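Some notes on the structure that comes next.
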Amino acid sequence: MKITFPYMGSPYMYEKLFSLLGHEVITPPRPSQRTINYGVKYSPEFACFPLKVILGTYLEALELGADTIVTSGGNGPCRAGYYGEAQKKILKNMGYDVEFIIFDEPKRDLKTFLENVKKIKVNNSWRQVIKTVKTVYDMAKSMDKVEKIIETKRAYECNKGEFTKAWHEITEEYRKIESSEDVKRVEKKAIERLNSIKICEVPEEEKIRIGIVGEIYVVMEPSINGNIEEVLNAYGAEVERSHYISEWIDFNLIPLPSYKEKEHQILKKGEEYIEIIIGGHAKQSVGAIIDFMERGFDGVIHLKPFGCLPELVSQSVIDKIMREYDYPILSLSVDEQMAIANVLTRIEAFLDVIKLKKHRKRIAR
Amino acid sequence: MEKIYIGVDVGSVSIKVVAIDENNEVLFNSYVRNVGQPIDTVKDELAKLHNELPDKEIGGVGVTGSGRQLLGYILGADVIKNEITAHATATLHFHPDASTIFEIGGQDSKLIIINDGTIADFAMNTVCAAGTGSFLDHQAQRLGIKIEEFGEIALTAKRDVRIAGRCTVFAESDMISKQQYGFSKAEILKGLSKALVRNYMNNLVRGRKLKPVFVFQGGVAANIAIKKAFEEEVGHEVIVPKYYDIMGAIGIAMLAKDEMKRTGNSTKFKGFEVSEEKFETTSFICKACPNECEIIQIKANGKVIAMTGDRCGRYSNSVI
């Protein structure tokens, strides 16, 4: 069994999970133009953009010899829930004989979930499985922690590119870990490394904080969203996302209420605008906007894959929020047609609006 | 010696070069089509500027428009800024009470909302050019009229005809069928003007409440039929400023002036000699990863001065 998986954010966590359990892992290459071309070519035209890119990723992994694809399902009426099934069919029609292991929320279908776990577990003892899952979970938590530091401090680096370079090196260190102790050690070193990077501080009142919300794949995968976090950092703005993989695990995979608290709060904040879960992350996106606003962020960028129905709904809610609270939100549509020049112009103007607004407030005070 | 500030707006369809003095008076302005050689065109226009204003000192240079980064680098610009901020800056100078700015250029259309004298919100067309100058250009060509006569002819229309304007290609087929029903050229043109404004309202305004004073600028503002269609749509007078087609360039010149005043620095402008330098742009496909980016290389007198187009920073960081 040669396992592969979708590429979203850093792939090393998934790679680690399967390799520690003794599987042969084919880590897919970072999504590139080739991945997108593959995906767009073999997916139905009307499918949403993440389905296309992920299909492209699978095709590249299959070329590298993978024969088993492990992925998560989705819930609600969002099409993401059918990605696995749709992609399975497409690949079958293309003549690939590939096994799909699709993890849905355990509470929905515990039997299938446990069957899937068994397929991954193979000969490992349960103790070993739990230890591995714990290690990988710690790794995800730790990497998200380090990445959050970078998203904040990179805005003020004196020499452009240092933090990004450090991040690439740090992820390679995480790639080598074997236990939770290793994670702690790597994290300590990583934070030391980041602290040694030269920072050109700006006065507190001139700092700009931007939240990024939207559909999880386009928010989490920089190669697809035009490296938006790096771009914002380069313009001197701090960034925080509404999605981190460790938080996704907390909410979707850990059956303990205390781990779900944050997500429930976010959902509650979205309640006023979208009462029910309409699929994807629409309600979370709206809730996260309110959350960022309450936490004093200066503005929010909303990313939606072209053709994503749930995020189209949140986009229309955004118009209302902007008017109601006079809060700057920029909605960007992401797909293979995205023109970088156009996006940069809008981000730059968006940050100008925010700066002027802050300036006006300061003068008024 | 009196100081002047140069503003350059490199749009997809046209290139605008202006010079303003300390009081924002426009001393030089030019508007030429971008025929794909922006560097050469700007060089020529700068030479003209130098000819007309030989004894002025250059206080600062600003560059805006979709080609701003590259050209800003070549000229040694002091300010390189997006066209939304640039446009609003100029509009607020000429019409300080403006609340809503409609800006329609060759391939971009923008809506800028002003609140308390600063930009409060904006929108820009994203996936489609159906609400822009290129749309009108294309249709005028089809009907065999000059774009400059478009507005005048459209105003002579007696009846209204609705043209499907969602997509340039479908608008064309709709136009042909409406022509066959016997509608005149003028009526079709009027229909097109309304279709463009309808498109603009649907794609950019998206239900925002627009407040007067309304200002309409960009190359398309020359078209009085579009101005009229906007007035009918918003139910209010729409102002077309005197310098409607060079507002972006004026705005960026003003921003350059403010920046120089604020910092007290002297300009980084490489001088008019830049127009003597020979620029050459070449490109190659990078094979380092499957992204296969098209790397653009700019040479000045045979020496590489800038590289761009890579997604990873492999070349753009290696600027010499």
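The values are calculated or read from the model by the stated rules, or taken from the named source; none is laboratory data. What you see is a predicted model, and the numbers here were worked out from it, not measured in a lab. So basically every Cβ, Gly included, is an ideal-geometry build from the backbone, and we count neighbours across all protein chains shown.
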Output yes when any residue across region B:125-137 is in contact (Cβ under 8 Å) with a residue 60 or more places away in the chain, more than 10 Å from chain A (Cβ to nearest Cβ) and touching a Lys or Arg at 6+ places or on another chain (Cβ under 6 Å), and no when none is. no
Hey, can you tell me all the residues within region A:294-314 that are surrounded by fewer than 21 Cβ atoms within 10 Å (Cβ to Cβ), part of a helix (DSSP H, G or I) and either touching a strand residue (DSSP E or B) at 6+ places or on another chain (Cβ under 6 Å) or among the polar types (S, T, N, Q) (or both)? none
Looking only at region A:241-249, decide whether some residue is among the basic types (Lys, Arg) and either in contact (Cβ under 8 Å) with a residue 60 or more places away in the chain or buried (at least 17 other Cβ atoms within 10 Å of the Cβ) (or both). yes
Condition first: within 11 Å of chain B (Cβ to nearest Cβ), within 22 Å of the chain's Cα centre (by Cα) and either over 24 Å from A:Leu232 (Cα atoms) or part of a helix (DSSP H, G or I) (or both). Can you find one or more residues in region A:256-276 that meet it? no
Taking B:Glu231, is it without any contact (Cβ under 8 Å) to a residue 24 or more places away in the chain, assigned to a helix (DSSP H, G or I), of a type in the set (Asp, Glu) and surrounded by fewer than 20 Cβ atoms within 10 Å (Cβ to Cβ)? yes
Name the strands (runs of 3 or more DSSP E) wholly inside region B:1-67 in which the number of residues that are without any contact (Cβ under 8 Å) to a residue 60 or more places away in the chain is 3 or more. B:26-33
Take region B:70-91 and flag every residue that is out of contact with any Asp or Glu (no Cβ under 8 Å at 6 or more places or on another chain) and either within 24 Å of B:Gly131 (Cα to Cα) or away from chain A (no Cβ under 14 Å) (or both). B:Tyr73, B:Ile74, B:Leu75, B:Gly76, B:Ala77, B:Ala88, B:Thr89, B:Ala90, B:Thr91
Considering only residues that are more than 8 Å from chain B (Cβ to nearest Cβ) and surrounded by 20 or more Cβ atoms within 10 Å (Cβ to Cβ), which ones fall in region A:333-349? A:Val334, A:Asp335, A:Val343, A:Ile347
Residues being surrounded by 19 or more Cβ atoms within 10 Å (Cβ to Cβ) and either within 14 Å of another protein chain (Cβ to nearest Cβ) or under 17 Å from the mean Cα position of the chain (by Cα) (or both) - total across region B:38-69: 12
Tell me whether region A:209-220 contains one or more residues that are small (Gly, Ala, Ser), buried (at least 16 other Cβ atoms within 10 Å of the Cβ), away from every other protein chain (no Cβ under 14 Å) and assigned to a helix (DSSP H, G or I). no
Would you be able to tell me the number of residues in region A:324-342 that are modelled with pLDDT of 85 or more and either farther than 27 Å from A:Ile224 by Cα or part of a helix (DSSP H, G or I) (or both)? 3
Can you tell me which residue among A:Ile197, A:Ile130, A:Ile191, A:Ile150 is touching a residue at least 12 places away in the same chain (Cβ under 8 Å), farther than 30 Å from A:Pro310 by Cβ, among the β-branched types (Val, Ile, Thr) and in a helix (DSSP H, G or I)? A:Ile191
Here are A:Lys361, A:Lys355: which of them is touching a residue at least 12 places away in the same chain (Cβ under 8 Å) and among the basic types (Lys, Arg)? A:Lys355
Given B:Leu204, B:Leu210, which one is more than 19 Å from the chain's Cα centre (by Cα), within 14 Å of chain A (Cβ to nearest Cβ) and of a type outside the set (Gly, Ala, Ser)? B:Leu210
Yes/no for A:Glu187 being under 22 Å from A:Phe350 (Cα atoms), within 22 Å of the chain's Cα centre (by Cα) and away from chain B (no Cβ under 14 Å): no
Do you know which residues across region A:318-332 are among the hydroxyl-bearing types (Ser, Thr, Tyr) and either surrounded by 19 or more Cβ atoms within 10 Å (Cβ to Cβ) or facing chain B (nearest Cβ under 9 Å) (or both)? A:Ser331
Examine region B:216-223 for a residue that is in a strand (DSSP E or B) and either within 14 Å of chain A (Cβ to nearest Cβ) or out of contact with any Cys (no Cβ under 8 Å at 6 or more places or on another chain) (or both), and state whether such a residue exists. yes
Matching residues in region A:295-317 - criterion: being at the interface with chain B (Cβ under 10 Å from one of its Cβ atoms) and in contact with a Ser or Thr (Cβ under 7 Å, 6 or more places away or on another chain): A:Phe306, A:Gln315
Residues located in region A:8-35, provided they are under 19 Å from A:Phe306 (Cα atoms), buried (at least 21 other Cβ atoms within 10 Å of the Cβ) and within 13 Å of chain B (Cβ to nearest Cβ): A:Pro31, A:Thr35
For region B:234-256: of the residues being β-branched (Val, Ile, Thr) and farther than 30 Å from B:Glu45 by Cα, which is surrounded by the most Cβ atoms within 10 Å (Cβ to Cβ)? B:Val238
